[in-house]
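The values are calculated or read from the model by the stated rules, or taken from the named source; none is laboratory data. From a predicted model like this one, the values you see are computed outputs, not experimental measurements. Cβ: placed from backbone, ideal geometry, glycine included. Neighbour counts: every protein chain shown. Accessible surface areas use protein heavy atoms only, side chains included; no ligands, DNA or RNA. Shrake-Rupley method; radii C 1.70, N 1.55, O 1.52, S 1.80 Å.
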Amino acid sequence: MFSRRTSWSVGLNRIGAAWDACRRSGRPALDLTETNPTAVGLPMPDREIRAALADDRLMRYQPTPFGHPAAREAVAAYHGGAVGWEQVILTASTSEAYALLFKLLADPDDRVLVPVPSYPLFDYLAGLEGVETVSYPFAWVEGGWFLDFGALEARIDGRTRAVVVVSPNNPTGAMLRQDEADRLLSICRDRGLALIVDEVFADHVFTATPSRLRSLAGRDEALVFVLGGLSKTCLLPQLKAAWIAASGPAEQLGQALARLEVVVDTYLSVNTPVQLALPRLLALREAIRAPLMARLRGNRAVLERALRGSAATPLPAHGGWSAVVRVPREPGEEERVLRLMTRHGLRVHPGFFFDFPTEAFLVVSLLTPEEEFGRGAALLAADADAP
Ligand SMILES: Cc1ncc(COP(=O)(O)O)c(C=O)c1O
């Protein structure tokens, strides 16, 4: 009766079941995996956000497929004018943006290239559109995070329609270098592929480095779709607003926008209050960002201090909300994660959640409140040295 696309094996895996048991036991538990920005005690300009949403015009429905022009202008300004407002498409989330783009670019059984390790939702987002993901490494090689162009090019075939890249990447925090971005653009141009650039963490970079790319918005060597949204830029995932900034050679861009307009017109999914509020919400982003960056930087420093001299090493990152910790291979990622839970009530993610191509890595959320994060980091150091 049901589609093959939805034939997932549902239910708790071993780690999920162990965490449930840990919480039910009533013992103190420490969760270093929380990435919901509204659940970690960060200060927010609540009054201004509520005021932005209380717009008198919200009682009037004026459907516009790509969204209200003022909201699209605010997104174009957020991108420093690298794209015009008419190149901005509002969506209800970045996830929805992926779904729209896969509909635009791929037929059933076509392929999109996605980085590993990275965001674990790609298989679902593509699978729900009937599209296959093929992975390419954007992984840790001694000394840094490198995009493996050899592997990427070898995996392009006649069914490939797009390359997805995430910069800063989740969970590694790796940013594309300028020369890597240029090379990606020329591969996409030469092979007739679209480039989807997920920049949802672009505002959360620890130190700006000239060799690292800040944004691909507005580049026109190939058809480019840059994704961003309020979930990360304003820590407001509950408002459901994101965007696509499209650019590219005029003929391709024109066709893409004309087709996308019909796709979004079929759903009209972005709610009016958030569209009206978007210019004011984006204007609040610096105020929202300051305490967040203090938390991310503070927790990274705590992690580095706690792990110094232990068998665990935090891998360098340029930005983002997570930290990757390399740990001894024994007893294996899953066993170590289960052991941290049963011995210490500590929850962290194993690297395989994010498709790390090798073992052994753990992933922790830098959004965690400072005091809890410090206790968790000390436990990680002690566990790395334990037999
Ligand atoms: C890389 C990346 N892209 C997209 C998203 C989803 O964002 P949205 O809430 O806009 O769907 C996330 C959420 O964690 C993410 O990590």
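Miscellaneous remarks
- Helix 178-191 vs. the chain, principal-axis angle (Cα, 0 to 90°, nearest 10): 50
- Within the assembled protein chains, the solvent-accessible surface assigned to residue 44 is about 60 Å², based on a 1.4 Å probe.
- Across segment 259-350, counting alpha-carbon atoms alone, Rg and Dmax equal 20.8, 58 Å.
- Exposure rule at most 13 other beta-carbon atoms within 10 Å, DSSP loop chymotrypsin sites (Phe, Trp or Tyr not before Pro): the chain longest free segment: 62-387
- Segment 104-198: GluC sites (Glu not before Pro) in DSSP loop, at most 12 other beta carbons within 10 Å: 142
- Degrees, to the nearest 10: 69-78 long Cα axis against longest axis of the chain: 50
- Bridge type composition, the chain - antiparallel percent by DSSP, nearest 5: 55
- Distance distribution note for segment 60-283: the fraction of Cα pairs above 22 angstrom is 48%.
- Cα gyration tensor shape of segment 1-72, rounded if a/c is under 1.5, else prolate or oblate by comparing a/b with b/c: oblate
- On Cα atoms only, tilt of 14-24 relative to the major axis of the chain in degrees: 70
- Point-to-point label distance, residue 183-residue 24, nm (Cα→Cβ direction, 7 Å offset): 5.0
- Global geometry of segment 1-145, whether rounded, prolate or oblate, following the gyration tensor of its Cα atoms and the 1.5 cut on a/c: oblate
- With Rh defined as the Kirkwood radius, the inverse of the mean 1/r over Cα pairs, the Rg/Rh of the chain is 0.97.
- Modelled label positions at residue 46 and residue 123, each set 7 Å beyond Cα in the direction of Cβ, lie 4.0 nm from each other.
- Note on the chain: with a GNM built from Cα contacts shorter than 10 Å, the maximum mean-square fluctuation among 150, 319, 173 falls on 150.
- Neighbour cut-off at most 12 other Cβ (10 Å), DSSP loop, trypsin sites (Lys or Arg not before Pro), segment 34-76: 60
- Rounded if a/c under 1.5, otherwise prolate or oblate - segment 120-180, Cα gyration tensor axes: oblate
- Note on the chain: with a GNM built from Cα contacts shorter than 10 Å, the maximum mean-square fluctuation among 80, 228, 351 falls on 80.
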